[in-house]
Structure formats: C-alpha cells, structure tokens
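In what follows, a structure is listed as structure tokens, so that the remarks can point back to it.
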Amino acid sequence: MQLSIIISTYNEPEWLEKVIWGYEQQSFKDFELLIADDGSNERTKTVVEKYINKTFFPIKHIWHEDQGYQKCTILNKAIAKTSTDYILFSDGDCIPRRDFAQTHVGLAEKGYFLSGGAIRMPMSLSQLISKEDIIAQRCFDKNWLETNGLPKKFFKNLKLTQSPTLANILNKITPAKSTWNGGNASGWKSDIIAVNGFNEDLHYGGQDREFGERMFNLGLKSKQIRYSAVCVHLEHHRAYKTNDAIKKNKETRKAVIQKGLVKAANGIDKYLTNQ
C-alpha cells in the first residue's frame, strides 16, 4: 500500500458520507482511509460502519471521547495507526475530485510537503450535492457549480480548472503561500514524526500552520498544488471557534518562527511508544 489518507471529522455524518463517496471515485486505488473522529456521537459511527466492509479501500475509525476541540490529538492518534510511509491529510467536509489522491502521490518528493487548497461551497450548494453529482464529478465542474449557487469569483474558481497545463502555471504564479493547510496537504510520515506530530496544546485556529512552520524549521520545502489537487469544502457551523484559542495559536506560531522550534512538546511520541 502506498498511501494513507487521514480525514478529520466531528458530528457531520451527512458530510462525511459525501466525502466517502468521493474517495470511492478515486482513480488511484492503493490507499487506506483513516477517519480521525474527535468525539462524534453514534450517527457518525453508523455512517462509518455502513461503508467499512463495502469500499475497495480499507477504513479505520479512530475515535476518542468528546472533550472539546482536540483535532491535533485525534490526528496524532490516527497517524500512529497508519500503515504507509506517505500520508495525505484532509477533512470530513472536503469532497475530493477523482484525481485527488493520484495528484498527491504523483507529486510526492523527499524533502518536501505538498500544500493544496479547497473551493468553499455555500450551505445551499453543500446540501444540494448528491451521490450522483459526485459519481458524475459534476460537483467539480465550474459551470455546474456557478449555475447552482457558487459565487462567480473568477480567480478563486480557477481552482476548478480541468487543464493540467493551466493548473501548473497557476501553481507557479499564485501569490498564496504554500503553507500546511489541514484540509489538503500531504507529507512523509518520517518527517511528521521528526517534528513530533501536531501540537496538542493548540485548539482551533491556525494549528495546521504552526505544524507547517515546524516542518520548515526541520529543513523541508513545500510545493504549491492548490490548482492541481482539487476538493470542494462543504459549509458547516463552527461552534468551537474562540478568540482566545486563535490568539494563543498565533502567539505559539510566532514563537516557533522566531526560535526555529522543530518539535512539539506535547505531540505524537506518546502514541508511538504505546503501539
């Protein structure tokens, strides 16, 4: 097996099911799917059990009790359960285009991590997208999406380009920095362990960027693939978002950059020891 895909989720079973449908359409088949579940209720477990023996890829459900926003913790637990050397990270509200996994695997390179993005859907369109739309890949068609409610923003919607040549050009000229973006990023497991995984002292708001800064401090570079690795981000509520958490994360990230910190003090090492 070449690839482990970790998707994080929390009490969004309808969105999670749409995401699983997306992975069922992947052109690249040699992967496992790990669902990093930050304390969802039984409805999410029901969705996972519905598919766990029916997909062409193996599914692992990693769950812990709900203790507030603990995404970094559940991601570390999931990483410890992966079976491959390379890991792709996304979210349970991000439907992948058919070539999503293939793009990450094809561009993986030692000394780098890959930085992707997402097209954000309004709630009405998030609800509208059906299994048939995902199978037919209509939900990645710019004209179909704009007809059904996606705001017509020329440059943002260029992420939906079907042209590899145009995607490569846009990846090179975009002013967006190639940071670690939790909904669409991938890297080598050995590098992730070298920085001690995600910082479990951080909660919502830039915790993925802090992880990426430590990867840079390790000596890695990043590749911009926001126009090549395409996924659509379904809208959802964010009751766990707090100003205090965002402020703390910004301060921590600033310290990581200024001091050149590599390893998280509270990270993945404890789960690797207990395997």
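Among N11, A255, T242, flag the residue with its Cα farthest along the positive direction of the charge dipole of the chain, charges on Cβ as +1 for Lys/Arg and -1 for Asp/Glu.
A255
Give me the number: length gained by fully extending K81 to F155, i.e. 0.36 nm times residue separation minus the C-alpha to C-alpha distance, one decimal in nm. Let's see the in-between values first.
Details: separation 74, 0.36 × 74 = 26.64 nm, distance 3.84 nm.
So the chain would gain 22.8 nm between K81 and F155.
For the pair T165 and L218, how long in nm is the line joining their label points, each one 7 Å along Cα→Cβ?
So the label points at T165 and L218 sit 3.7 nm apart.
Counting only DSSP beta bridges with both residues in the chain, tell me the antiparallel percent, nearest 5.
Here the share of antiparallel DSSP bridges comes out near 30 percent.
Set the Förster distance to 51 Å, then compute FRET efficiency between D30 and N243 from the Cβ-Cβ distance, nearest 0.05.
Result of the calculation: an efficiency of 0.75.
Of the peptides 173-179, 184-190, 72-78, 104-110, how do they stack up when ordered by the mean number of other Cβ atoms within 10 Å, highest first?
Values: 173-179: 13.1, 184-190: 21.4, 72-78: 24.6, 104-110: 16.0.
So the order, starting with the most tightly packed, is 72-78, 184-190, 104-110, 173-179.
For the range 114-218, with the dipole built from +1 on Lys and Arg beta-carbon atoms and -1 on Asp and Glu ones, taken about the Cα centre, which of I173, L114, N184 lies farthest toward the positive end?
The one lying farthest along the dipole's positive direction is I173.
Relative to the Cα centre, what is the charge dipole magnitude of the range 1-126, using +1 at the beta carbon of each Lys and Arg, -1 at the beta carbon of each Asp and Glu, and rounding to the nearest 20 debye?
The calculation lands at about 220 debye.
Placing +1 at every Lys and Arg Cβ and -1 at every Asp and Glu Cβ, with all other atoms neutral, what dipole size does the chain have around its Cα centre, in debye to the nearest 20? Display every interim value, and only then the final one.
Details: 39 positive and 31 negative charges, 200 e Å.
Here the chain has a charge dipole of around 960 debye.
What number, in percent, do you get for the relative contact order of the chain if the mean sequence gap of Cα pairs under 8 Å and at least 6 apart is divided by its residue count? All intermediate terms of the calculation are to be shown ahead of the outcome.
Values: 534 pairs, mean separation 68.9, N = 275.
Taking the mean separation of contacting Cα pairs over the length of the chain, I get 25 percent.
Take peptides 163-169, 17-23 and line them up by average Cβ neighbours within 10 Å, highest first, as a rough protection proxy. Mind dumping the intermediate values first?
On the way: 163-169: 13.0, 17-23: 23.0.
With the highest mean Cβ count within 10 Å placed first, the list reads 17-23, 163-169.
Report the extension gain between K250 and T273 in nm, rounded to one decimal, defined as 0.36 nm multiplied by the number of residues separating them, less their alpha carbon distance.
Here the segment from K250 to T273 would lengthen by 5.3 nm.
Just checking the chain: which Cys have no other cysteine's beta-carbon under 4.7 Å?
Isolated Cys, the chain: C72, C139.
Bear in mind these aren't lab numbers, they're just calculated from the coordinates by the rules spelled out. Owing to the predicted nature of the structure, the values given are computational and were not obtained by experimental measurement. Glycine also receives a Cβ, built like all others from the backbone with ideal geometry; neighbour counts cover every protein chain displayed.
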